[in-house]
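The values are calculated or read from the model by the stated rules, or taken from the named source; none is laboratory data. Since this is a predicted model, take the numbers as computed values, not measurements. Neighbour counts are summed over all protein chains in view; Cβ atoms, including those assigned to glycine, are modelled from backbone coordinates with ideal geometry. These accessible areas exclude ligands, DNA and RNA; they are computed on the full protein's heavy atoms, side chains included. Shrake-Rupley method; radii C 1.70, N 1.55, O 1.52, S 1.80 Å.
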Amino acid sequence: MPQRTVLFVLFDGVQSLDVTGPLEVFAGAEKKAPGTYRVRTASLDGRPVRTSSGLTLVPDEALTEAADPHTLLVPGGAGTRVPDPRLIAWLRARGPRVPRLVSVCTGALLVAAAGLLDGRRATTHWAYCDKLARDHPAVAVDPEPIYVRDGHVATSAGVTSGIDLALALVEEDLDRDVALAVARHLVVFLRRPGNQAQFSAQLAAQTAHRAPLREVQRWISEHPAGDLTVDSLAARARLSPRHFARAFREETGMTPGRYVDRVRLEHARRLLEDTGDTIEEIARASGYGTPEAMRRAFIKAFGTAPAEYRRRFRPALAR
């Protein structure tokens, strides 16, 4: 198997974890399987860069001197807000030549600015998905997954999702055993499913302004197996069902039904990962009623059944 060069693009204001997280994955894979990866870093002029947290990173070389890598990884960070035009020009010229192009977090904004995401499905940090879609209408932005693969281009969501994507690439390049060994060393899951939501229902939805609606949000989270119909929730908020549904969506950005679905899915996922409860017990506790109803929800959200989800993502110490 030929050695793959992974080149990390550095610039002032880069998010340090966008670089070091995936870098540790590829470097770890090289240690487990020598001769598989050659990890390099480069900045525009080959000079040190200062990350958004104040850390100084010293690159191996200048981008202009770097050979075409197998995998070009573009991280995100505050430095993507007003990027150096020379960096965009370099990406525009070199990006189409690499076998695999990867962005982490808001690195997608740089890749899109170079025209390399046009006509492709992509994601980025949830807080910047609207900007990516607004500034680059030719990109099919999906705000939900933690990473997206579209041909030879892969984009990931915020910060730690870059580790998930890197582990998935290592598993694809080498095998599951190497990826698992790296994940264990980093004390992370081998691989979260790419279509797992970027954030929890409570984070995905805004907190309602009015106290009765905030109380309903709290009630839903604490009673996923309860009666969470619109009529029941409206009565708790002392509003008519129609008024409640409209007000809930206006203040949270999410319909009551979608909020309930996400809370139940999240509750079931946590029980699968953290407990030894049976699938039937978890289905009842999470408000699905039957294992089949929960299975359909998991297939739709994660592309995998609850039993398989537990097998793949439950920490070994919890078994």
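If you plug the beta carbon distance of HIS185 and HIS243 into 1/(1 + (r/R0)^6) with R0 = 51 Å, you get a FRET efficiency near 0.40. Helix 211-222 axis versus longest C-alpha principal axis of the chain: approximately 80°, rounded to the nearest ten.
Taken one residue at a time, the phi angles of the stretch 154-166 give Karplus couplings (6.51, -1.76, 1.60, θ = phi - 60°) of 10, 10, 10, 7, x, 6, 5, 5, x, 5, 4, 5, 4 Hz. Gly and Pro are set to x. Over the chain, Cα pairs under 8 Å with separation of 6+ residues give a relative contact order of 12 percent.
The separation of the stretch 58-93 from the stretch 13-29, counted between C-alpha centres, amounts to 15 Å.
Would you tally the net charge around ASP135, using a Cβ to Cβ cut-off of less than 13 Å, leaving ASP135 out, and scoring K and R as +1, D and E as -1?
Numbers: positive: ARG81, LYS131, ARG134; negative: ASP118, ASP130.
Once positives and negatives cancel, what remains is +1.
Converting phi to 3J(HN,Hα) with the Karplus coefficients 6.51, -1.76 and 1.60 and the offset θ = phi - 60°, the stretch 58-69 yields 9, x, 6, 6, 8, 4, 5, 9, 6, 6, 4, x Hz in sequence order, with x at every glycine or proline.
Quick one: which of 44-56, 1-13 comes out on top by average Cβ neighbours within 10 Å, and what's the full order, highest first?
Numbers: 44-56: 14.4, 1-13: 19.1.
In decreasing order of mean packing, 44-56, 1-13 become 1-13, 44-56.
Using C-alpha pairs below 8 Å separated by at least 6 residues, the relative contact order for the stretch 4-186 is 22 percent. Amide H contacts of GLY77: GLN15, THR106, GLY107, each under 5 Å away and 5 or more positions distant or on a separate chain (H built 1.01 Å from N in the peptide plane; Pro and chain starts excluded).
Placing ILE163, ILE299, ILE220 in order of accessible area, with the largest value first and a 1.4 Å probe, yields ILE299, ILE163, ILE220. Taking every protein chain into account, the accessible area of the chain amounts to 47 square angstrom per residue (probe 1.4 Å).
You can think of it this way: the chain between HIS152 and ALA93 has 19.6 nm of extra reach, that is 0.36 nm per residue less the Cα-Cα gap.
So if R0 is 22 Å, what FRET efficiency would ALA138 and HIS209 give, r being the distance between their Cβ atoms, rounded to the nearest 0.05?
Values: r = 36 Å, r/R0 = 1.64.
Efficiency, from the Cβ-Cβ distance: 0.05.
Backbone phi angles across the stretch 131-136, fed through the Karplus curve with coefficients 6.51, -1.76 and 1.60 (θ = phi - 60°), yield HN-Hα couplings of 5, 4, 5, 5, 7, 9 Hz in residue order; Gly and Pro are listed as x. Expressed as a whole percent, the accessible area of the chain that falls on carbon and sulfur atoms is 51 (1.4 Å probe).
The angle separating the long axis of helix 85-94 from the principal Cα axis of greatest extent in the chain is about 80 degrees. For ALA122, the residues whose modelled amide H falls within less than 5 Å of its own, excluding neighbours fewer than 5 places apart on the same chain, are ALA140, VAL141, ASP142. Counting only alpha carbon atoms, the long axis of helix 291-302 and the longest principal axis of the chain meet at about 30°.
Legend: calculated FRET efficiency, ILE299 to VAL82, from the Cβ-Cβ distance at R0 = 51 Å, rounded to 0.05, equals 0.75.
Nearest 500 deg cm²/dmol is fine: what mean residue ellipticity at 222 nm does the chain get from its DSSP H runs of n ≥ 4 alone, each adding -39,500 (n - 2.57), divided by its residue count?
The per-residue figure over the chain is -13500 deg cm²/dmol.
A straight Cα-to-Cα reach below 28 Å connects LYS131 with the lysines LYS300, residues fewer than 8 places away in its own chain not being considered.
Among DSSP bridges having both ends in the chain, what percentage is antiparallel? Round to the nearest 5. Before the final figure, lay out each step's value.
Details: 8 of 28 bridges.
Approximately 30 percent, going by the DSSP bridge assignments.
Database remark: amide H of THR304 closer than 5 angstrom to the amide H of ILE299 (H placed geometrically; neighbours at sequence offset of 5 or more, or on other chains; Pro and chain starts carry no H).
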